[in-house]
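Below: one structure, written as structure tokens.
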Amino acid sequence: MSAVIEARSLTKRYGKRTAVDGIDFTIPAGRIVGLIGPNGSGKTTTLKAALGLIPFEGQLSVLGLDPRTQRDELMQDVCFIADVAILPRWLRVRDAIDFVAGVHPRFNRDKAERYIANTKLLPSMKVKEMSKGMIVQLHLALVMAIDAKLLVLDEPTLGLDIIYRKQFYQNLLEDYFDEHKTIVITTHQVEEVEHILTDLMFIRDGRIVLAASMEEIGERYVEVMVPQEKLSAANALQPIDRRTVFGKAVLLFDAGPGGASRQQLAALGETRNPSVADLFVATMKGTYA
Amino acid sequence: MSTNNGADTMKWLLRREFWEHKGSMFWAPLIVGALLVVLLGCTITYGIIAHGIPAHVTINGHTLQHPRLDALLPDETRMMVGMITRGMYLGASTPLFAILTGVVFFYCLGALYDERRDRSILFWKSLPVSDPLTVVSKAVTALIVAPAITLALAVVASLTLLSIACMVLSTQGLNLFAALLASPDLYLSPLRLAALLPVYVVWALPTVGWLMLVSSWAKSKPFMWAVGVPVVSLVVIKWINAALENFSGQTLLLAHYANDVVARILAGIVPGIWFVFQGHGPAGMRPAGNGADMSALVPQSYLSLAGFDAWIGVVLGIAMLYAAIRMRRWRDEG
């Protein structure tokens, strides 16, 4: 399977500040990758570089093309939602569909219209008359009707009601994604995407601190509810995070190579898979880097 | 797939610009044109009905009788019709062209700035539409589409006024319809206006290029930058020049051109500005015995393209548009 995005020592500096610090990663086709990191960690910069929106140093190939010099060609197969509410206020629903149908060879008008028929959007409506949720619905209708090989979503649901957010990801999974497509998502709301992701990439201070598939993460990280009397034994196994829930200590362990074994951990107490959010918090604390 | 795509994409880009600016490019001139028709139409009607046409006018020794005017005095009738036609064209098109100047100015200033301000540029850039094509579509909208719409509306307004005038005259017994339909001015005037469009494009290019460059570059207040930079540089150059003259008696060579450059950069989009740049007003615009002579406007306008001046502006305008394309391609929108 060929790589959709391949980065080798990708670097981006803004003056003296290094936003992306020589990162390497590969995203194969047919995956849904979550690029997760705090504000200013370099995740949006990485995506911008991949979309040919900014110059950068190092090597980066997207669908085999260089986004710096072959952007026009690349955009035939790549689509992105960069932020919510970036559709221009004067745009009407029917004009938006006409325009995208006119300029995009891979746009399926029927699909967009079918999707819009399921919303409260009307063909004559202008973006300025819509709520934020409706704008995202329109944007998603346009983007989902494009048969792109790579879809990049940068904080696509920022500032939306929970109902719209749930629906957004549900539509994405049910009506859009298939094995020929690749989706890269950045978001703050880890818990919302963790069930649809196939891969995770944690990024901090311009560096990738964790890149693994969800299965690998499930195998590697274990959360244990440790009773008081076994706490010192548990601490000896070097947990990467600890917190207290209802008076009980919950410890997070890296059970990968060189870490504690599953049997050791099972002896300490009740084990379960940690949520991506907990893993994220633990990773970003700096105890593991 | 991608071979005929360029032309097709351009068509949609032009349509998009029109959707966004329908208000200023179509409705504003339409409403003003309609107001002009009503106001001028009423004035003409009132003037003719209240004062009437003198029952007996003597021209060249002939006593004029309205119903047979055409037969008796073919030359005078033709002249009169020609005068009325030209008068209507000037009357209706001048205010519309004034509006066009403002519309094109602010359109260019906002063309590459508004999409950055509301971040919709990221939506446009998510589609397979290249930066050169986008910028060119905006320049074409400013240079050709907006002027062509204004031109068409000016012709419609003029023809409406003309029919009103003839109709009112006919109620007074003076029927000019036949003479009007036979008058070459009726058919040539719209063509003459249309023929001026290429001249307009040439002279407007440096201004459109400059405004769109500022539009693609300014972080905020594009108007201040677009007007401020040329005006402040002009003042500074003048000041240095004056100081130099005082001290050494020498003047900057630059100072001689500064006025022209600033005028070309900011005022190129005014229709007919080329007569001013030529250093003399258009002879045709001066009230001659038989009203403005519009037929002379076209050759005189094309004559303005003979010098280097016009083409230096074209080269600079295209260079600035190219810079705007680069700016749109690489500008980081944060």
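Hydropathy at least -0.5 by Kyte-Doolittle, axial extent at least 15 angstrom from the Cα trace: which helices of chain A, defined as entire DSSP H runs, fit? What comes out of the filter, once short or polar helices are dropped, is A:93-103, A:132-144. Rounded, prolate or oblate, given the Cα gyration tensor of the range A:21-113, with a/c below 1.5 counting as rounded? It comes out prolate by the Cα gyration axes. When a/c is below 1.5 the answer is rounded, else prolate if a/b is larger than b/c, else oblate, so apply that to the protein assembly as shown with a ≥ b ≥ c taken from the square roots of the Cα gyration tensor eigenvalues. In terms of gyration-tensor shape, prolate. Please figure out what share of the DSSP beta bridges in the protein assembly as shown is antiparallel and state it in percent, rounded to the nearest 5. Antiparallel bridges make up about 70 percent of those DSSP assigns within the protein assembly as shown. The distance separating the Cα centre of the range B:172-246 from that of the range A:175-213 comes to 53 Å. Taking the fewest neighbouring Cβ atoms within 10 Å as the starting point, the ordered list for B:T45, A:T283, A:T244 is A:T244, B:T45, A:T283.
The GNM of chain A, with springs linking C-alpha atoms under 10 angstrom apart, assigns the highest mean-square fluctuation among A:A277, A:A266, A:A29 to A:A266.
By its C-alpha gyration tensor, with a ≥ b ≥ c as the square roots of the eigenvalues, how is the range A:224-289 shaped: rounded for a/c under 1.5, else prolate for a/b larger than b/c, else oblate? Oblate is the answer for the range A:224-289, as a/c is 1.5 or above yet b/c matches or exceeds a/b.
Exposure proxy for A:L268, A:L279: other Cβ atoms within 10 Å of each Cβ, ordered fewest to most, give A:L268, A:L279. Peptide A:93-105 is shielded by partner chain Cβ atoms: per residue, an average of 5 of them sit within 10 Å of its Cβ.
Once the Cα atoms are used to define both axes, helix B:5-22 deviates from the longest principal axis of chain B by about 70 degrees.
Modelled spin-label separation between A:R262 and A:R207, with each label point placed 7 Å from Cα along the Cα-to-Cβ direction: 3.1 nm.
Here, P(r) means the percent of Cα pairs in each 5 Å bin from 0 to the largest distance; for the range A:3-205 it is 1, 7, 16, 19, 20, 16, 12, 6, 2, 0. Most fluctuating residue of A:L122, A:L87, A:L197 in a GNM of chain A with Cα springs under 10 Å: which is it? Answer for the Gaussian network model of chain A: A:L122.
Which value does Rg/Rh take for the range B:5-330 over its C-alpha atoms, Rh per Kirkwood? The partial results should precede the final answer.
Numbers: Rg = 24.1 Å, Rh = 22.5 Å.
My calculation of the ratio gives 1.07.
Computing FRET efficiency as 1/(1 + (r/R0)^6) for B:Y257 and B:S220, where r is the C-beta to C-beta distance and R0 is 35 Å, gives about 0.70.
With the highest mean first, a sort of the peptides B:230-243, B:116-129 on other beta-carbon atoms found within 10 angstrom per residue produces B:116-129, B:230-243.
Each peptide among A:11-20, B:196-205 gets the average number of other Cβ atoms lying within 10 Å of its residues, and from highest to lowest they stand as B:196-205, A:11-20. Peptide B:172-183 is shielded by partner chain Cβ atoms: per residue, an average of 0 of them sit within 10 Å of its Cβ.
Determine, from the Cβ-Cβ distance of B:V276 and B:S233 and an R0 of 25 Å, the FRET efficiency 1/(1 + (r/R0)^6), rounded to the nearest 0.05. After rounding, the FRET efficiency stands at 0.75. Extending 7 Å from Cα along the Cβ direction at B:I312 and again at B:A34 yields two label points whose distance is 4.6 nm. Extension gain, A:N273-A:E57: 0.36 nm per intervening residue step, less the Cα-Cα distance, totals 74.0 nm.
Working from label points 7 Å from Cα in the Cα-to-Cβ sense, the A:N39 to A:A3 distance is 3.2 nm.
Read the figures in this text as sums done on the coordinates, not as results from a lab. Just so we're clear, the structure is a prediction, and the values are computed from it rather than from any experiment. Don't worry about glycine lacking a Cβ; one is built from the backbone with ideal geometry, like all the others, and counts go over all protein chains shown.
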